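Peer 1: To start, I am sharing the structure in question, which I have written as structure tokens.
The values are calculated or read from the model by the stated rules, or taken from the named source; none is laboratory data. This is a predicted model, so every value here is computed, not measured. Virtual Cβ from ideal backbone geometry, glycine too; neighbours counted across all protein chains shown.
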Amino acid sequence: MPSFNQSIFHPAVFFLTGIPGLETSHAWISIPFCCLYAIALSGNGMILFVIITEGSLHEPMYYFLSMLSFTDLGLCLSTLVTTLSIFWFNAREINFDACLGQMFFIHGFTFMESSVLLAMAFDRFIAICNPLRYAAILTNSRIIKVGLGIVIRGTVALVPLLLLLKRLSFCHTHVLRHSYCFHPDVMKLSCTDTRINSAFGLAIVISTAGMDSVLILLSYVLIIRSVLNIASPEERRKAFSTCISHISAVAIFYIPMISLSLVHRFGKHTPPYVATLIANVYLLIPPVMNPIIYSVKTKQIRKAVLQVFLLKLI
């Protein structure tokens, strides 16, 4: 691996990493990665297509689902080029500005997905706890405002974080631990004081994903309390069944995210491949699993997808 000992304010390039210890097998490893990317892109693209084209799906719940699919597509596209370039061509170099750009989209879409999951939790809360006012509360104009707010929130949170990163100097080896640029990973390579960057990054994570997770949990506490007041066991079952897809999406998003953060902050002595595997799970599994979960668990989505396939066969 290339290394540099001198202090450089803005390094010309960083060097990305594939799967440590398995460099000779990257061509074979690329096969499952290609399959996962194909499933994620086609699955989320299909969800977006059926929601846009099918009039019966023009409802708040499906609008939020389309936002989730859009952020999942963004996450996939943000890492696809660098990941496959490493596996296919051993192209590890990425210049500093390109690294910042990739970082912006990866973390931006991550924060947006967290916000969308919170909006979907609010949607389920209104649908179950106040169904008579559901349509009046979640109007199209309000949903558009929520979508714009999600985009603005993610952008505003990231811009100062990246500006703080640009002020750092780097004098260690410029080898990153992942196949993409991840903020804590880049920050650790700096030889200057990164306490402000670390504190600001932690504050952003707490105020976005951290706050969102707490509010999602609060929403489900209120949902459970409301459902338990329903007399009929059958009605309780139906109410809970409408939340299964969302709960699954929350779990497959937050568990890898928290695991990766813990590895970067406290796993200094863990093998390199551990962080790499968790990072790939963190960015690939939610986009792969979300369309599958919603297609299997949501009757309207499943019906619309089947109609699309039947029309193509005809």
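Peer 1: Picking from GLU113, GLU59, which residue would you name as being touching a Leu at 6+ places or on another chain (Cβ under 9 Å), of a type in the set (D, E, K, R) and crowded, with 21+ Cβ neighbours inside 10 Å?
Peer 2: GLU113
Peer 1: Take the residues in region 14-37 that are without any contact (Cβ under 8 Å) to a residue 40 or more places away in the chain and of a type in the set (S, T, N, Q), then tell me which one is surrounded by the fewest Cβ atoms within 10 Å (Cβ to Cβ).
Peer 2: THR24
Peer 1: Suppose we keep only residues that are surrounded by fewer than 14 Cβ atoms within 10 Å (Cβ to Cβ) and not small (Gly, Ala, Ser) within region 156-171. Which one would you say is farthest from LEU284 (Cα to Cα)?
Peer 2: ARG167
Peer 1: Just name the residue that is farthest from PRO32 (Cα to Cα) out of those in region 273-306 that are touching a residue at least 60 places away in the same chain (Cβ under 8 Å) and over 22 Å from the mean Cα position of the chain (by Cα).
Peer 2: Here the residue is GLN300.
Peer 1: For residues that are surrounded by 13 or more Cβ atoms within 10 Å (Cβ to Cβ), under 18 Å from the mean Cα position of the chain (by Cα) and among the β-branched types (Val, Ile, Thr), tally how many sit in region 203-243.
Peer 2: Residues in region 203-243 being surrounded by 13 or more Cβ atoms within 10 Å (Cβ to Cβ), under 18 Å from the mean Cα position of the chain (by Cα) and among the β-branched types (Val, Ile, Thr): 4 in total.
Peer 1: Could you please give the count of residues in region 116-142 that are crowded, with 17+ Cβ neighbours inside 10 Å and among the aromatic types (Phe, Trp, Tyr)?
Peer 2: The qualifying residues number 2.
Peer 1: Determine, yes or no, whether PHE200 is surrounded by 19 or more Cβ atoms within 10 Å (Cβ to Cβ), of a type outside the set (A, V, I, L, M) and within 22 Å of the chain's Cα centre (by Cα).
Peer 2: no
Peer 1: Enumerate the helices (runs of 4 or more DSSP H) found wholly within region 74-172, keeping only those where 3 or more residues are farther than 21 Å from PHE182 by Cα, modelled with pLDDT of 95 or more and under 22 Å from the mean Cα position of the chain (by Cα).
Peer 2: Filter on region 74-172 gives 96-129, 140-166.
Peer 1: Also: Could we say that LEU73 is surrounded by fewer than 23 Cβ atoms within 10 Å (Cβ to Cβ) and either free of Cβ contacts under 8 Å to residues at least 12 places away in the same chain or among the aliphatic types (A, V, I, L, M) (or both) here?
Peer 2: When the stated conditions are applied, LEU73 passes them.
Peer 1: Okay, next question. Starting from region 116-137, keep only residues that are free of Cβ contacts under 8 Å to residues at least 60 places away in the same chain, then list their pairs with residues that are buried (at least 18 other Cβ atoms within 10 Å of the Cβ) and not in a helix (DSSP H, G or I) whose Cβ atoms are within a distance under 7 Å, requiring at least 6 positions of separation or different chains.
Peer 2: Partner pairs satisfying both residue conditions: ILE126/LEU138.
Peer 1: Can I ask one more? As an exercise: evaluate ARG265 against (1) closer than 20 Å to ASP185 by Cα; (2) out of contact with any Ser or Thr (no Cβ under 6 Å at 6 or more places or on another chain); (3) surrounded by 14 or more Cβ atoms within 10 Å (Cβ to Cβ); (4) of a type outside the set (Val, Ile, Thr) and give the number of the one condition it does not meet.
Peer 2: Going through the list (1) closer than 20 Å to ASP185 by Cα; (2) out of contact with any Ser or Thr (no Cβ under 6 Å at 6 or more places or on another chain); (3) surrounded by 14 or more Cβ atoms within 10 Å (Cβ to Cβ); (4) of a type outside the set (Val, Ile, Thr), ARG265 breaks only (3).
Peer 1: Please name all residue pairs, on different chains or six or more residues apart, with Cβ atoms under 7 Å, provided the first residue is in region 194-214 and is in contact (Cβ under 8 Å) with a residue 40 or more places away in the chain and over 27 Å from CYS171 (Cα atoms) and the second residue is among the hydrophobic types (A, V, I, L, M, F, W, C) and surrounded by 13 or more Cβ atoms within 10 Å (Cβ to Cβ).
Peer 2: Between residues of region 194-214 that are in contact (Cβ under 8 Å) with a residue 40 or more places away in the chain and over 27 Å from CYS171 (Cα atoms) and residues that are among the hydrophobic types (A, V, I, L, M, F, W, C) and surrounded by 13 or more Cβ atoms within 10 Å (Cβ to Cβ), the close pairs are THR208/PHE111; THR208/ALA157; ALA209/PHE111; ALA209/MET257; ASP212/LEU117; ASP212/LEU118.
Peer 1: Which pairs have Cβ atoms under 8 Å, sit 6 or more apart or on different chains, and link a residue in region 226-250 that is under 26 Å from GLU113 (Cα atoms) to one that is of a type in the set (A, V, I, L, M) and not in a helix (DSSP H, G or I)?
Peer 2: ALA239/ILE230
Peer 1: What residue, of LEU215, LEU164, LEU222, is under 18 Å from THR71 (Cβ atoms) and either among the charged types (D, E, K, R) or out of contact with any Ser or Thr (no Cβ under 8 Å at 6 or more places or on another chain) (or both)?
Peer 2: LEU215
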